[in-house]
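Trainee: Sharing a structure, written as C-alpha cells. Questions coming.
Every number in this text was worked out from the coordinates using simple rules, so none of it is lab data. Bear in mind that the values here come from a model prediction, so they are computed numbers and not experimental data. Here the Cβ is made from the backbone with ideal geometry for all residues, glycine too, and neighbour counts use every protein chain on show.
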Amino acid sequence: MSLEGRSLVTMDDLSNEEIEGVFSLADEMSESMTGQSGVCQGKIMASLFFEPSTRTRLSFEAAMLRLGGRVITAVDISATSLAKGESIADMARVVGSYADIIVIRHPWEGAAKVVADYAGVPVINAGDGGHEHPTQTLLDLYTIRKERGTIKGLKIALWGDLKYGRTLHSLACALARFGASILFRPAPGLEMPEHVVRKLTMDYGGELRKCEAVDQTGKGGVFSLDAIYVTPSTPHQLAMMPDISIQVELEKGVDAIYVTRFQKERHAQANGGDDIKKAYPVVDKKLLKEKTFKQTLVMHPLPRIDELAHELDADPRSMYFKQAARGVPVRMALISLLLGARKVDIPEVKEPISRRKAGYPVYDRGFGIRCQNRSCVSVNEEKYIKAEFRIASRQPLTLMCVYCEHEIFPKYVASSEWHEGTLESKRYHSADSHWGRKIRLENLIVFDSESEARSRGFKPGKNIHG
Amino acid sequence: MSLEGRSLVTMDDLSNEEIEGVFSLADEMSESMTGQSGVCQGKIMASLFFEPSTRTRLSFEAAMLRLGGRVITAVDISATSLAKGESIADMARVVGSYADIIVIRHPWEGAAKVVADYAGVPVINAGDGGHEHPTQTLLDLYTIRKERGTIKGLKIALWGDLKYGRTLHSLACALARFGASILFRPAPGLEMPEHVVRKLTMDYGGELRKCEAVDQTGKGGVFSLDAIYVTPSTPHQLAMMPDISIQVELEKGVDAIYVTRFQKERHAQANGGDDIKKAYPVVDKKLLKEKTFKQTLVMHPLPRIDELAHELDADPRSMYFKQAARGVPVRMALISLLLGARKVDIPEVKEPISRRKAGYPVYDRGFGIRCQNRSCVSVNEEKYIKAEFRIASRQPLTLMCVYCEHEIFPKYVASSEWHEGTLESKRYHSADSHWGRKIRLENLIVFDSESEARSRGFKPGKNIHG
Amino acid sequence: MSLEGRSLVTMDDLSNEEIEGVFSLADEMSESMTGQSGVCQGKIMASLFFEPSTRTRLSFEAAMLRLGGRVITAVDISATSLAKGESIADMARVVGSYADIIVIRHPWEGAAKVVADYAGVPVINAGDGGHEHPTQTLLDLYTIRKERGTIKGLKIALWGDLKYGRTLHSLACALARFGASILFRPAPGLEMPEHVVRKLTMDYGGELRKCEAVDQTGKGGVFSLDAIYVTPSTPHQLAMMPDISIQVELEKGVDAIYVTRFQKERHAQANGGDDIKKAYPVVDKKLLKEKTFKQTLVMHPLPRIDELAHELDADPRSMYFKQAARGVPVRMALISLLLGARKVDIPEVKEPISRRKAGYPVYDRGFGIRCQNRSCVSVNEEKYIKAEFRIASRQPLTLMCVYCEHEIFPKYVASSEWHEGTLESKRYHSADSHWGRKIRLENLIVFDSESEARSRGFKPGKNIHG
C-alpha cells in the first residue's frame, strides 16, 4: 500500500484498509521509536498553526523529528502576511514550495482542503474549525484497537459534550465504519446533533435505535442512556426489541467510554453555562466501580478539566495519557506514508470514502446558493473559491458543501432546460414540490431565496405564492 | 570567490560579480535541493524576527535546514528581554555567541547594520524597516536572470505603489546596477520618491528621461507611463528624442512588470485611502493581452491582494510563485557562502559598492546634527550608537546616515579651524552660501539649527540674519 | 559520575562534586563545540516557555542542537490548552511522552518540581517565578571558576538589587556552598531579604558578619558596604574584630562583582521608583579605577540597562558576554549528563543537598496550613497537589513549602495523640508556647488560624485567650 503524495483532510480520505495500514506501521514504529531516524532524512515538514494548539503541534513535530526529518514552524501567523489580506491558497502555494509536507490547523472549516488543493505537496489537517481533526481520530481508534485487538463489535460510549465535540463526531463516524456500536451519554442540552446522526446512518450504513433511559439517576448500576446507535451487524431479531437487546448488551459491559471536556468558552454568553457545568457527567472512581465499566477503557482527547477525576490517573483502565503518547507513532506512520518514505503490505486496499463521495452529483453553477456556514473557508475566501456542493439527497433536497461538509437545504429549484422551451418556462418551484424530484440532476438549479431566483430572471411557478 | 565571514546588510555589500556568484551557486543547488544536506552540517542559524514575517522566516529556515544546518528561532522577541530595555548591540553579541550566523528582521532602519557590527558572526538583513530587504531583491533579480538569461538591457516596469515599496526601491537600484531599463507605472499619489530617483542617477550612473504618458487610459494599447529611467547604455541620439525612443522601445515589449500591493495600512488615517484603492492599477488577463505585454514576466513579492488577479495564476508568464520558491536556493547559496561552507569560481571579483562608499568623507563629530529619521536605529539606540554620516554631496550639502541611509540637509556650516584664528572667526554660515563649498571637508562642522550652533559657541556669520 | 534520569529543579539537586563534574564536562565540550554533534543524536528536547525569555531559550536550544539532538518548542503556551484549564501535571505527562528531556520556564514557583514529578523524563528548571533558575547559577559559577581556577576563598560582591534578584539569591547560596566570601552592596531599599540570609547561615553553614560602611560615599577608595557574609573558613581571631578583618580583606581586592539590573517593572506602582533609579549604584570605568577593583571580574546576568556602562564592554575584566556564551557549553554538559549520553569521572561523589533535605521531618497532613505564597504552584494547582512542608526549625516553628521553598510560621499547634486521651485533650496551643517544642514531630498538627483549628474540632488550650 502506498499513500505517497496523498493528503489527509478528513477521515474519509482513507479507506478502512488504509487506516489498518497506518496502524500496522505505527505498531512497527512504536517498537523502536529511536530507530526511525533515517526514514524521512532530508525532508522538511511545515507546521502551520493559525490557531494555537501546543499539544497537537508538538506531537506532529516530535513525530517528524523522530523520523529524521526537519520542521519549520509558524504559530504566529495571524499577525503576519495573512493579516495583510493574503489568501490561504497563496500561502499554501508558497509554503508548498519550501516544504515537503504541510501540517495545518486553521479556524475556518474546509481550510485544510484548500491548502491541499493548492500546496502541491501532501497536507495533513490538524484541525479545521469545527470540521475535522483526523489524526486525533486515528490515534483514538489506534488506542482502542491496540488495547482490544479489534474495533469491530465493540461497545463504545461517547460521554459529555456530544454537541460541540468535533473530535467526537469524527470518532463516531469512524467507529461506525469499523463496525463498533456507539452509545450516547450526553450532558443535558449537549446532545449529538441531528446532522451527525444523519451522517452515521446515511453515509456509514448505521442503524439508529432509541430507548428510554433505564435509570436516569444511574443509581441502579446500569448505564443511563438516551440513545444507542448500532452497526448493521446487529442480528435483526434483537433489533426488533431494542430496549431489551441494549440492556442485554450493556450487562456484558462497555468496552470504552470516551469523555470530552465541558467547553466553557462555548457557554460564556449563555446563562445556562453554570447549570450545564453542574449537571455535566463526571467520570470518577465511583462510576467505574459499576459492573458495566469493569473492563472499560477510559479515554479522553485532553485537555481535561473537571469531567475526569485525577484519582483515576493510576487506574489501569485509564488510557488518556497513552492515547496522547500514541499520537507520536501514529503521526510518524502517517507522515512517512504520505511522503512515500514508507510503504505497507496490505492484502487488499479499497478506495477511500472520499473518492466514493466524489462520485456524487455535484452542484457547481456558482450561483443560486452559497454555503450557510459562516466559518466555511468558501465563504471567507470567496474571492477565488467557487462554491461547490455534493447533492447528498433529493428528499429533502440536501446539498453538502465540499469544503466544510455542512448541509444546505435550498428552498427553490428550477431547470436549466428552460432555454430550450419558451421564456415562459423559466420558472422556479418549491424544492419540496414534485419538481424537486422531477428535474434531472444535470439540469438542476437551486436557490436560497425567491429574490435570488428572480434576480436570475426566473418567475414563480404555480405552487409559489410569492 | 569567498564571502566567508561577510554580512549582507544592503545590496551594496555585494558587487555585481559577487551577486553573479551567488546566483551561479543557487543554480547549482536548485538542481539538487535534497543533495545539499552536508553543506552546513553542525552549523546553527539564529532567526530573529522582531517583526512578524512568516514567509521570509520560513524561507530562510527551510534554506538552512536543506543545507543540513540547524535553526534557533525567536519571533516572540518584543515581549522579552528587549522589552526590558536591552540594546540591540547586547542582543547581537549574546546571540552571536550561540549561533554561527544570524538572520534579523527589525522595524528600525539600520538595525541590521548594528547587529552586523556587534555579532561577531555573519548577519543577513531580512528587512530593517523601510530601509532594505536584500534577499528579496536577490531572488527578484535571480528570477529575471533565470527566465531571460541576463538582466542587462531588459526593460522592467515597476508597477503600483512606488512610494512605500521598500522592495521596489532596492530592486530599482539593483536593476540599474546591472544595466536594465526601468519604467515607472505608479498608482496616483504613489510615485517613486525623489531620493530614490536621486540615488539611481547619483550612485548607479543612471540617466533619467521623462515623457508624457502617451495614453493615460491605456486603451491605445500602449503602456501609459509617466517617467522612464534608462541606463547609460542607451545610444545618445535616441536619448535626445526621449518620447519617441521610449515608444520605439516599448513597442518591442516589456520584459517584466513588477507589481506591488496596495499597502492599505499606510493609508489608514488618510481619507484618500479608498480613492487610491480605486485608481490602483490592476494587472489582469485583459492587460496582459496588450501587445506590449505579450512576453512579459509578471512578478510580485507577495502577499498580493487585489492588484494581481487570481485568473493569472495559471498563465505561464506569471512568475510570483516561482519567485517565492526560488528564494530557498538563493538563500541556501548565500548562507553557505557567508558561512564559508562553499566557495564559487568567478573570473574576476570587484569590490562591493559599500566598500567604495566607505571611501566617502565621513562626518562623525557626534554633534551638530542627528539623523532626522525617527525609525533610524541610531536615533532609537543613541545611548551607545554615535551618529555617523557620509558626505554625499556639497551642493546642496547632503549627508547620508550610515545606518538608515536617509539624507540630511544641514542648514548651517562652520569650520573647525576657528581655533587657529581669533574667537571672532568662530562663526556659522548658511550651508548654501559660498562657505558651504569653501570649508575643507576635514574642517567641516554642520548644524541642524542656529540654536545648535549657538549652543556650541558659534556666532552668526555675515550672511545670517538671525 | 552518572546523572542519568535525574532532574535539575534547584541547585540543591546537585552536590558540589556533581557540579564540578558538570563543569569539567563543559570544559571538555567548549574545547570543541562543533565536535559534539553525535552525543545526543536522536534525542528530542521539549523547550516549554510559559514566560518569554528568548536568551535563555535560545541558549538551551543551541546547546541541544550542538549535541546533535533536536528541539520542539512552545513559547505560545499561555494562549493554548493550559488556558483551557489544563493542569501542569497533565501537560508534563503528555510532553514527557513526546520528548526525552524537558526544559521548562513558568511563572509559578515550584512549577518545575511538579513537571519533574510527573513528566517521566529528566526536567531542567529554566526559571520558576522568583524561586530558582539553576542553570544561570551554574554558568555564573562556571565563569568564576574558569577565570580564577577555584571558587573557594574568593571574595564576591553582590551589587544592586539584592531584594528581587532571583539569580542573585541562588548565586549567593552556591557561593557559600563552595566556600566563597560574599559582600553585599545593595541599592537603597533593595537589601538582601532576611530569608535568604537565614538560608545562607542555616543551610549552607555560613557565618554572618556585619560592619558599618567605612565610607558611604565611596570616595575614600574603599568599598562601601553594609554587610558581609563570610564562610566558616575565616579564622576566628579575625572574626572577632569584624570591621578590621573585612577592611584588611578588602584591601587585597574583590575577585568579582556581580551586578544586577534595576527591575523597573517591580517599582511601577511605587512612587519611589525614580528615587531608587537615581540612587542605583552604577558600575563604570571610574568605579573600576579604585584599587579594590583592580583585578575584579565584572559579571552581570544580562539584560543590563543603565547600571553597567557600555564603556566597559572592551575592558578585559568584563565577563558578562563571556558568561552568556559559556551558558551553551554548561547546558550542553548538563543535558548530556541528564540524558545519560555522557558520564564523567569524578573521584568521590557526595549526595546532593536536596536528598539531605529530604531527610527533614515532613508535614503532609493536607490540612491546618497551606503555603502563603500566592505564586506557589501548590496554591494555584491545589486540585491535585497536596500541600507538603519540611519542618525546618522548631524555634521558631518554621515550615518550608517543598514546592516554592517559602517559609511558613504556623501560629498554633496541636497533637494527633488527643484521640488516645479524652476529647478534653483535643486542644490547640500557641506555637511559641512550650507545646510548640514538646509535641513529638510525628504527632504535630499545625494551624494557620484559630478558626482553622476550631473547624477541625479543637478547642483553645490554656495559654490561648480567644
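Trainee: Quick check: pseudo-label points 7 Å beyond the Cα along Cα→Cβ at residue C:437 and residue C:417, how many nm apart are they?
Mentor: 1.7
Trainee: Across the stretch B:440-454, in residue order, what do the Karplus-derived ³J(HN,Hα) couplings come to in whole Hz, using 6.51 cos²θ - 1.76 cosθ + 1.60 with θ = phi - 60° and x for Gly and Pro?
Mentor: Result, rounded to whole Hz: 5, 3, 5, 9, 5, 10, 10, 9, 5, 8, 5, 5, 4, 5, 5.
Trainee: While we're looking at this one, here's another question. Hey, if you put +1 on the Cβ of every Lys and Arg and -1 on every Asp and Glu Cβ in the protein assembly as shown, which of C:457, A:19, B:159 ends up farthest toward the positive end of that dipole?
Mentor: The Cα lying farthest towards the positive end belongs to C:457.
Trainee: Further, regarding this structure: For residue A:440, go 7 angstrom from Cα along the Cα-to-Cβ vector, then report the distances to that same point in the other copies in nm, smallest first.
Mentor: Listed shortest first, these distances are 9.9, 9.9 nm.
Trainee: What does the charge add up to near residue C:444, with Lys and Arg as +1, Asp and Glu as -1, over the other residues with Cβ less than 12 Å from its Cβ?
Mentor: Taking every Cβ under 12 Å from that of residue C:444, the sum is +2.
Trainee: Further, regarding this structure: Name the residue farthest towards the positive end of the dipole of the stretch B:283-342 from the options B:341, B:288, B:330, assuming +1 on Cβ of Lys and Arg, -1 on Cβ of Asp and Glu, about the Cα centre.
Mentor: Highest projection toward the positive end goes to B:341.
Trainee: Would you mind ranking C:367, A:389, A:293 so that the residue whose beta carbon has the fewest other beta carbons within 10 Å leads the list?
Mentor: C:367, A:293, A:389
Trainee: How would the stretch A:301-373 be classified by its alpha-carbon gyration tensor: rounded, prolate or oblate, with rounded meaning a/c under 1.5 and the a/b versus b/c comparison settling the rest?
Mentor: In terms of gyration-tensor shape, oblate.
Trainee: Of B:155/B:285; C:155/C:291; C:199/C:285; B:438/B:459; B:155/B:294, which pairs sit farther than 23 Å apart, going by alpha carbon to alpha carbon?
Mentor: C:199/C:285
Trainee: While we're looking at this one, here's another question. In the stretch A:359-460, what % of DSSP beta bridges are antiparallel (nearest 5)?
Mentor: 90
Trainee: Please report, for residue C:416, the nm distances (one decimal) from its label point, 7 Å out from Cα along the beta-carbon direction, to the equivalent points in the remaining copies, shortest first.
Mentor: Result for residue C:416, in nm, nearest copy first: 8.2, 8.3.
Trainee: Further question: Please give every one of the aspartates and glutamates within straight-line cross-link reach of residue B:322, meaning a C-alpha to C-alpha distance under 15 Å, and leave out same-chain neighbours fewer than 8 residues apart.
Mentor: Correct list for residue B:322: A:90, B:27, B:31, B:140, B:147, B:313.
Trainee: Further question on the same structure: Taking neighbour counts of Cβ atoms within 10 Å as a proxy for exposure, in what order, fewest first, do B:434, A:300, A:465 appear?
Mentor: Listing B:434, A:300, A:465 from fewest to most nearby Cβ atoms yields A:465, B:434, A:300.
Trainee: Ok, one more. Out of all DSSP beta bridges in chain B, what portion is antiparallel? Express it as a percent rounded to 5.
Mentor: So the antiparallel bridges in chain B amount to around 40 percent.
Trainee: What FRET efficiency would be calculated for the residue pair residue A:24, residue A:322, taking the C-beta separation as r and a Förster radius of 30 Å, to the nearest 0.05?
Mentor: 0.95
Trainee: Using the Cα centre of chain A as origin and beta-carbon charges of +1 (Lys, Arg) and -1 (Asp, Glu), tell me which of A:262, A:202, A:112 is placed farthest towards the positive end of the dipole.
Mentor: The listed residue farthest towards the positive side: A:202.
Trainee: Going by C-beta contacts inside 10 Å, put C:43, A:285, A:459 in order with the fewest on the left.
Mentor: A:285, A:459, C:43
Trainee: Further, regarding this structure: Shape call for the protein assembly as shown from the C-alpha gyration tensor, a ≥ b ≥ c root eigenvalues: rounded (a/c under 1.5), prolate (a/b greater than b/c) or oblate?
Mentor: In terms of gyration-tensor shape, oblate.
Trainee: If you don't mind, there's one more thing I want to ask. Taking loop as defined by DSSP and a crowding limit of 13 other beta carbons within 10 Å, which GluC sites (Glu not before Pro) in the stretch B:358-466 fit? If you can, show how the numbers build up before the last one.
Mentor: Working: sites: B:381, B:382, B:388, B:405, B:407, B:417, B:420, B:424, B:442, B:450, B:452; in loops: B:381, B:382, B:388, B:405.
For GluC sites (Glu not before Pro) across the stretch B:358-466 that sit outside H, G, I, E and B with at most 13 neighbouring Cβ atoms in 10 Å, the list reads B:382.
Trainee: With charges only on Cβ, +1 for K and R and -1 for D and E, what is the dipole size of the stretch A:359-460 about its Cα centre, in debye, rounded to 20?
Mentor: With only Lys, Arg, Asp and Glu charged at Cβ, the dipole is about 200 debye.
Trainee: Among the complete DSSP H segments of chain B, which ones combine at least 15 Å of alpha-carbon extent along their axis with a mean Kyte-Doolittle hydropathy of 0.0 or more? It would help to have the intermediate numbers written out before the result.
Mentor: Working: long enough: B:16-31 (23 Å, -0.47); B:54-66 (17 Å, -0.25); B:134-148 (21 Å, -0.83); B:166-177 (17 Å, 0.47); B:320-338 (27 Å, 0.73).
In chain B, the long hydrophobic H runs are B:166-177, B:320-338.
Trainee: Each label point is 7 Å from the Cα along the Cα-to-Cβ direction; what then is the distance between the points at residue A:284 and residue B:386, in nm?
Mentor: Rounded to a tenth, the inter-label distance reads 7.3 nm.
Trainee: While we're looking at this one, here's another question. Taking the Cα centre of the protein assembly as shown as the origin, how large is its charge dipole in debye, to the nearest 20, when only Lys and Arg (+1) and Asp and Glu (-1) carry charge on their Cβ atoms?
Mentor: So the dipole magnitude of the protein assembly as shown works out to roughly 620 debye.
Trainee: What is the distance, in nm, between label points placed 7 Å from the Cα along the Cα-to-Cβ direction at residue A:194 and at residue A:409?
Mentor: The two pseudo-label positions are separated by 0.5 nm.
Trainee: Run through the other copies and list how far each one's label point is from that of residue C:311, in nm with one decimal, shortest first; the point sits 7 Å from Cα along Cα-Cβ.
Mentor: Nearest first, the other copies' label points are 6.9, 6.9 nm away.
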